[in-house]
Amino acid sequence: MKWSHWVRLRKLVQLLSFAFFVYLSFAVVERRVAPPLADIFFRFDPLSALGSMLATRQWIPRLALAIITVLLTLLVGRAWCGWICPLGTLLEWVSFKRARDILLKGVKAESSGIKGVSIMRPYDRLRKLKYFLLVVALLMALLGSLFLLSLDPLAIFTRTMTTSILPAIFYGINSLERLLYQVSFLTPALDWFEGVVRGTVLPAAQPLFLQNLGIALVFIGILALNLLAHRFWCRYLCPLGALLGFFAKFSIFRPMIGSACTSCSRCAQVCRPGAIQVQSGVLHIQPSECTMCLDCLASCQPGDMHLRPHYRPAPKEDFDLSRRETLGALATGTAAVLLLGSQLHRHQPNSWRIRPPGVEDEDTFLSTCLRCSQCMKICPTTALQPALNEAGLEGLWTPIVVPRQGYCDYGCTACGQVCPSGAIPKLSLEEKRLAVLGTARIDRDRCLPWASATTCVVCEEMCPTPDKSIILEEATVIDAYGMELVVQRPTVLRETCIGCGICEQHCPLSGEAAIRVYAA
């Protein structure tokens, strides 16, 4: 098969992989039960696996499939980056080539050493940065902090899809439906559409997330970096790419340049990752930067480039970390852990830091949570929200329960089922119903029966526990007109309350609820 056919196959695999990732994003939206393969991409992610295992000091069977990715890299290099990674695929599609050519028009090109040929690579020295971030992230994980694993490309894309892209799509569809419903003859078609997709593809209620704009801006910034270089994130910043690049140095099958090479440097010009360097007129392929896109092999005019076995590690490159730089990365990681661990917010009790069901120890949770937002995506009530400062900077984007936004469904165990690292325990339904998230408390100055002798029994009616953790007690009061009234006042039985938050979410008062859940 010709190399051009392999390139087409690669693009097809990219498309299918990206489509599968998007499908899973829709398939797990607000479900009580996780569908099969819901977290399959994270199971193949070596950075998530290695970081989680270093942080917990234990083998995590759920992430064992990452070994396959490592073996694939040792066999054929960074095929994950060039064939499978959904964020890498998107960055390849959103190339901004014309805008980048205009932006870099005045940037001096490097001489290739070949007469009449120059190659534009103004940022190659930045490749060190991703290796620096990798060392810092792994050391922090070894010391118990997964803060920098929020830079994992799968976590970035999943978090953005969950909190920003999908809610925006759903809002757009809902807004369009409201507009079209004003056209009477479209009503039957819209009713049919609603019956088919509502509750399956589209959620029953519009999902709302905290920090969605900030998370979206980070993602837009990563896309915008393509204005500077093709797949800028992959080249210079991605810690997963750096980890796979390290293994790719030992890969067996690599693109090799044969003796018939005419030094036309066409392969270097079509190499979008910039993995082919021209030094003193000699072409040199860097296995650690090659994403196995195969464009170079397909473009070779003599046809003398091949994938050949090579059993020696690739030579050291200029962008590999020196001993001093590695020590600097280790020092940076150590300092980061010490500073994050000594933050006031990190240890200060926070009544609003309500963790998902089954999470008992805050330190253990922070050292295992990947900030991937899988749990937020599948939560049927969008009760799980990305944290901002509830647990300090180290707890950024970890999940917390916000009861006024949504309650923890009494019949749902989905978050523990999709958590790749086990930060949220996988509980049976019986265990989950006994898990205490917090305790509800009534503000008697706002509660209608307590403050104004107005009948309201919503919190008691909504309480899902079998014996009711909220009871109603009759009391005789004198109203504003001097008349005696018998009202039923709610009281929380703290010994049985699990803090699910359904009472707070359904409290009929506008603004702050009269009954609120506080962390256990």
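In table form, for the structure just shown:
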{"item": "The range 324-375 and the range 1-35: distance between their alpha carbon centers, rounded to Å", "result": "32"}
{"item": "Listed residue (Ser251, Leu176, Leu213) projecting farthest to the positive dipole end of the range 162-251, Cβ model", "result": "Ser251"}
{"item": "Ser351 accessible area, 1.4 Å probe, all protein chains in place, Å² to nearest 10", "result": "60"}
{"item": "Nearby aspartates and glutamates by direct alpha-carbon distance to Lys128 (threshold 14 angstrom, same-chain neighbours under 8 apart not counted)", "result": "Glu289, Glu317, Asp318, Asp320, Glu325"}
{"item": "Cα-Cα over 23 Å, subset of Lys432/Lys468; Lys377/Lys468; Lys130/Lys316; Lys97/Lys249", "result": "Lys377/Lys468; Lys97/Lys249"}
{"item": "Longest site-free stretch - the chain; sites: GluC sites (Glu not before Pro), DSSP loop, at most 13 other Cβ within 10 Å", "result": "1-359"}
{"item": "Amide H partners (placed H, <5 Å) of Arg489, local residues excluded", "result": "Glu473, Glu474, Ala475"}
{"item": "Sequence of Arg266, Arg198, Arg78, Arg57 when ordered by accessible area, the most exposed leading, probe 1.4 angstrom", "result": "Arg57, Arg266, Arg198, Arg78"}
{"item": "Orientation-averaged projected area, Cα convex hull of the range 407-520 (nm²)", "result": "7.9"}
{"item": "11 Å beta-carbon shell around Tyr518, net charge (K/R +1, D/E -1)", "result": "+3"}
{"item": "Centroid-to-centroid separation of the range 260-300 and the range 226-251 [C-alpha atoms, Å]", "result": "16"}
{"item": "Fully extended contour minus Cα-Cα distance, from Ala189 to Thr465, at 0.36 nm per residue", "result": "95.3 nm"}
{"item": "Rg/Rg_globular for the range 128-266, with Rg_globular taken as 2.2 N^0.38 Å and Rg from C-alpha atoms", "result": "1.60"}
{"item": "Lys/Arg +1, Asp/Glu -1 at C-beta; the chain dipole; positive extreme among Val401, Thr439, Cys375", "result": "Cys375"}
{"item": "Unit charges on C-beta of K, R, D, E only; dipole of the range 382-468, Debye", "result": "40"}
{"item": "Magnitude of the charge dipole, the range 448-520, Cβ model with Lys/Arg +1 and Asp/Glu -1, debye to 20", "result": "200"}
{"item": "Computed [θ] at 222 nm, deg cm²/dmol, the chain (DSSP H ≥ 4; -39,500 (n - 2.57); rounded to nearest 500)", "result": "-11500 deg cm²/dmol"}
{"item": "Karplus (6.51, -1.76, 1.60) ³J(HN,Hα), θ = phi - 60°, over the range 435-452, in Hz, Gly and Pro reported as x", "result": "6, 9, 8, x, 9, 7, 9, 9, 8, 5, 7, 10, 4, 4, x, 7, 8, 9"}
{"item": "Global size of the chain as Cα Rg and Dmax, reported in angstrom", "result": "27.6, 105"}
{"item": "Charge dipole (debye, nearest 20) of the chain; +1 at Cβ of Lys and Arg, -1 at Cβ of Asp and Glu", "result": "2960"}
{"item": "Rh by Kirkwood over Cα pairs, then Stokes-Einstein D for the range 298-412 at 0.890 mPa s and 25 °C, µm²/s", "result": "134"}
{"item": "Shape of the range 379-442, Cα gyration tensor, a/c cut at 1.5", "result": "oblate"}
{"item": "Solvent accessible area, Å² - Asp318, 1.4 Å probe, full protein context", "result": "130"}
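The values are calculated or read from the model by the stated rules, or taken from the named source; none is laboratory data. This one's a predicted model, so the numbers in the text were calculated from it and none came from an experiment. When we count neighbours, we look across all protein chains shown, and the Cβ atoms used for this are built from the backbone with ideal geometry, even at glycine. For accessibility, only protein heavy atoms count, side chains too; no ligands or nucleic acids. Shrake-Rupley method; radii C 1.70, N 1.55, O 1.52, S 1.80 Å.
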